[in-house]
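Comments concern the structure below.
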Amino acid sequence: MNEIFQSNMEFLRKYSEIDGTSEFYNYMSQPLRQSFRVNLLKSKTDVVVERLSDEFQLEKIPWTEEGFFVEGDGITNTPEFVLGLIFMQEASSMIPARILDVKPDMHILDMAASPGAKTTQISAYMMNRGCIVANDVKYSRLNILASNVQKMGCVNVRITMKDGRYFGKFRDKFDRILLDAPCSNVGMIRKNYRYLKLWRQRDVEALSRLQKELIMAAYKALKPGGILVYSTCTLDPEENEEVVDHLLSNTDADVERIKLPLKSHKPFTEFRGKCYDKRVKRCLRIHPQDNNTEGFFIAKILKSP
Amino acid sequence: MEIRELKQKELKVLRNALRYFRAESFLRTHRFFIVDNKRKNIFMCTHEIYEMITELSSGIDFMWAGIKIGEMSSRKVRFTLEGAYYLAGKRNRIFVKPKGEMLFLYGRDVLASSVLSWDKDVKENDVVFVANKHGDILGIGRLTHSPERISNLEPHETAVKNLVDRGEYLRKNRLYDAF
């Protein structure tokens, strides 16, 4: 096991209950593969691939048609990046927008939108029609969100600055809601060891409480028959299965199984003495070694019509 | 920030600018509005987004909607690069070779040896859209000579002065300030 993980013994103890395999720590200590998504609002996948293939080795991401892993330095120095023809985005984080099943004229809420990777992906799937409310609570993060909306050319996005829980007052308003919740970022440790140093069980519990409030607000704002996608880039069950369980226990929500060509781990149905609704088994729990990506958790939730 | 609809006179200025670039149809398919800041910023969004701005306004301040396509003075519209990308992509362009493209994106002028071709309507001193061979707008510049003279210039002489380019995004902490 890489020595770096010894610097946070509380993390090591907890994660021995989640995934204590050497493979897990081996992948967690490797840098992430670079990946990007073609901005379908400005170009076509084959055109961009042709333009980049001379300089870079590209490998298709199996679960996103317009997504590619890229080898070689300098992809962010290319005209394609500068012009907004591609967006650098981690491969597993392309899944939530992919399974949201958006249609061009829908009303979408992206509750925690910055920096806008998923917002701009949704905008492309909607062919720049309909409307997306892209919200974030922090003013400092809105600048980068607005920059990316502008750079990607998304005319169907409105940016708001509210605590996500505020949207609970808009009952049955949105056709689709994406809640990519604030989390303890364990999946991002591959990007930056800072997240390992910052990880505390106390924070996980506080975040879990916040995530439960956010998911309840999101569900209220969702139209009957609508789809809510809940995702985090962490692997702690308290921030994932437990949050989905909280929603299932308190509402008529249901979970749909996510079928994509990728490997995943079985979700937890119990953890540290807490039993969860069996339907959480339909969620997608991705550990870094499954597909050599960031760790990720995704749930596709349906509101009965 | 307060938003408002365009006044009659402003609409006329915008319509003229769009007509010049044969993009008048955007007035039907999209919604334009003004955000008065230090400048008169023109934004473009879908009709649905505009309706939502007014509908979901209670307790929510306006932060941003759609894309900023330009700024308006009393008689002119100065397009942002994104505005140019969408609305003004078919006229007043000068096309550059790949090497010139990268240099331009790093803030340099376009040299005579980098010029590939140009739209027929460009003249000396015109503000032109600098495009790569694929037609992507890289930025805005000022033509220093008439197109006919460019082919007679020394290779290292400046053909287009860089006014603003999309590389600003990289140079300014990746915050794209709607240039």
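Are any of the residues in the stretch B:54-76 within 25 Å of B:Val127 (Cα to Cα), outside any strand (DSSP E or B) and within 14 Å of chain A (Cβ to nearest Cβ)? There is no residue in the stretch B:54-76 that is within 25 Å of B:Val127 (Cα to Cα), outside any strand (DSSP E or B) and within 14 Å of chain A (Cβ to nearest Cβ).
Filter the stretch B:17-53 down to the residues that are charged (D, E, K, R) and out of contact with any helix residue (DSSP H, G or I) (no Cβ under 9 Å at 6 or more places or on another chain), then identify the one that is nearest to the other protein chains (Cβ to nearest Cβ). Per the stated criteria, the residue is B:Glu48. Only strands (runs of 3 or more DSSP E) whose full extent lies in the stretch A:123-199 are considered here, and the ones with at least 2 residues that are crowded, with 17+ Cβ neighbours inside 10 Å, touching a Leu at 6+ places or on another chain (Cβ under 8 Å) and more than 9 Å from chain B (Cβ to nearest Cβ) are A:174-180. Comparison of A:Asn143, A:Asn135, A:Asn156, A:Asn192 shows that the only residue that is under 24 Å from B:Ile60 (Cα atoms), assigned by TED's automatic domain parsing to the domain that holds A:Pro96 and at pLDDT below 95 is A:Asn143.
Candidates A:Leu83, A:Leu100: the one that is surrounded by 21 or more Cβ atoms within 10 Å (Cβ to Cβ), in the same structural domain as A:Leu228 (by TED's automatic domain parsing) and not charged (D, E, K, R) is A:Leu100. Determine, yes or no, whether B:Ala88 is away from chain A (no Cβ under 11 Å), at pLDDT below 85, crowded, with 20+ Cβ neighbours inside 10 Å and in contact with a strand residue (DSSP E or B) (Cβ under 9 Å, 6 or more places away or on another chain). So B:Ala88 passes the test.
Once the stretch A:193-204 is narrowed to residues that are in contact (Cβ under 8 Å) with a residue 24 or more places away in the chain and more than 20 Å from the chain's Cα centre (by Cα), the residue that is farthest from A:Val243 (Cα to Cα) is A:Lys197. Checking the structure you have, find out if any residue of the stretch B:146-163 is within 10 Å of chain A (Cβ to nearest Cβ), buried (at least 16 other Cβ atoms within 10 Å of the Cβ), in contact with a strand residue (DSSP E or B) (Cβ under 6 Å, 6 or more places away or on another chain) and modelled with pLDDT under 90. No, the stretch B:146-163 contains no residue that is within 10 Å of chain A (Cβ to nearest Cβ), buried (at least 16 other Cβ atoms within 10 Å of the Cβ), in contact with a strand residue (DSSP E or B) (Cβ under 6 Å, 6 or more places away or on another chain) and modelled with pLDDT under 90.
Looking only at residues of the stretch B:102-130 that are within 12 Å of chain A (Cβ to nearest Cβ) and buried (at least 23 other Cβ atoms within 10 Å of the Cβ), we find that the one that is farthest from A:Gly74 (Cα to Cα) is B:Val130.
Using the structure shown, decide if A:Leu32 is hydrophobic (A, V, I, L, M, F, W, C), buried (at least 18 other Cβ atoms within 10 Å of the Cβ) and out of contact with any strand residue (DSSP E or B) (no Cβ under 6 Å at 6 or more places or on another chain). When the stated conditions are applied, A:Leu32 passes them. In the set A:Val70, A:Val47, A:Val38, which member is over 24 Å from B:Gly107 (Cβ atoms), in contact with a His (Cβ under 9 Å, 6 or more places away or on another chain) and outside the structural domain of A:Gln121 (by TED's automatic domain parsing)? Residue meeting the stated conditions: A:Val47.
The set of residues in the stretch B:69-124 that are among the small types (Gly, Ala, Ser), over 21 Å from B:His30 (Cα atoms) and in the same structural domain as B:Phe43 (by TED's automatic domain parsing) comprises B:Ser73, B:Ser74.
Considering the stretch A:38-88, the qualifying strands (runs of 3 or more DSSP E), each wholly inside and each with 1 or more residues that are of a type in the set (D, E, K, R) and more than 15 Å from A:Ala117 (Cβ to Cβ), run over A:57-60, A:67-71.
The values are calculated or read from the model by the stated rules, or taken from the named source; none is laboratory data. All figures in this text were calculated on a predicted structure; none of them were measured in a lab. Neighbour counts run over all protein chains shown; Cβ positions are idealised from the backbone, glycine included.
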